[in-house]
Amino acid sequence: MTKIDVDQVYSFVYRGQLTRQALNHSFRSDGESKIARRLPLELIEDVHIEVANEMAVVYTAISGFERSVRSFIKSRLLDPEVVGENWWEECVPEKRRKKAESRRDEENKIRYHAKRGDSLLDYTELEDLSAIITTNPDHFADFIPDFEWAKHIFKSVERSRNIIMHSGELEPEDVERLAMAMRDWLTQVGG
């Protein structure tokens with residue numbers, strides 16, 4: 001590894017440690033957050049909470065990644081010099097639009113529960129975000145020189161995401177692979 005690579009790895013690990021400390025602090029009985037106090041964590045066996053705490057760091061990274069991709073897509077396509085106000089209708093494939101609209105409509109039936117967001121983009125999945133980008137190469141080519149690379153990044157992140165979002169546990173190698181994919185994307189596109 002070069003000095004830059006080592007520095008980047010240390011930086012990434014350090015940020016992960018800080019995130020872990022923050023999450024651990026939020027679940028400690030002497031420093032519980034408002035959210036943690038509302039949940040029956042004391043009724044769940046410690047072994048399950050420990051695994052969940054470990055994977056919470058990964059969840060945080062994936063959630064932040066997804067949010068940054070949505071923000072990137074929206075800001076890029078909303079730019080009047082790129083597409084403008086009608087970007088959703090003009091740039092999102094019909095299949096993806098209908099899927100997002102259907103999800104929103106289903107959520108709206110349950111009025112007592114919080115919603116994903118105000119934008120239809122909030123109702124998309126990683127594969128939808130990938131499709132929006134790859135079906136609009138002219139609008140994203142300044143940031144993404146190889147769209148097959150972008151598809152690979154999204155598939156790699158999605159594989160780990162699906163495990164984490166369904167209470168699974170990643171192996172250290174999976175976390176490293178996920179970290180590399182996200183780091184490559186964020187270095188290329190921004191976060």
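Can you pull out the helices (runs of 4 or more DSSP H) entirely within region 85-191 that have at least 2 residues that are touching a residue at least 60 places away in the same chain (Cβ under 8 Å)? Give the steps one after another, and end with the answer.
Details: elements: 87-91, 94-108, 126-134, 137-140, 147-165, 172-189.
Once the helices (runs of 4 or more DSSP H) in region 85-191 are filtered for at least 2 residues that are touching a residue at least 60 places away in the same chain (Cβ under 8 Å), what remains is 126-134, 137-140, 147-165, 172-189.
Sort through E50, E54 and tell me the only one that's modelled with pLDDT under 95 and under 27 Å from D184 (Cα atoms). It would help to see each step written out before you state the result.
Numbers: E50 fails: under 27 Å from D184 (Cα atoms).
Every option except E54 fails the conditions.
In region 116-141, which residue that is of a type in the set (D, E, K, R) and at pLDDT below 95 is farthest from V175 (Cα to Cα)?
Residues of region 116-141 that are of a type in the set (D, E, K, R), as a first pass: 116, 118, 122, 125, 127-128, 138.
Checking the rest, the ones that are also at pLDDT below 95 come to 116, 118.
Working: R116: 26, D118: 31 Å.
Restricting to residues being of a type in the set (D, E, K, R) and at pLDDT below 95, the top hit is D118.
The values are calculated or read from the model by the stated rules, or taken from the named source; none is laboratory data. These figures come from a predicted structure and were not determined experimentally. Glycine gets a Cβ as well: all are built from the backbone with ideal geometry, and neighbour counts include every protein chain shown.
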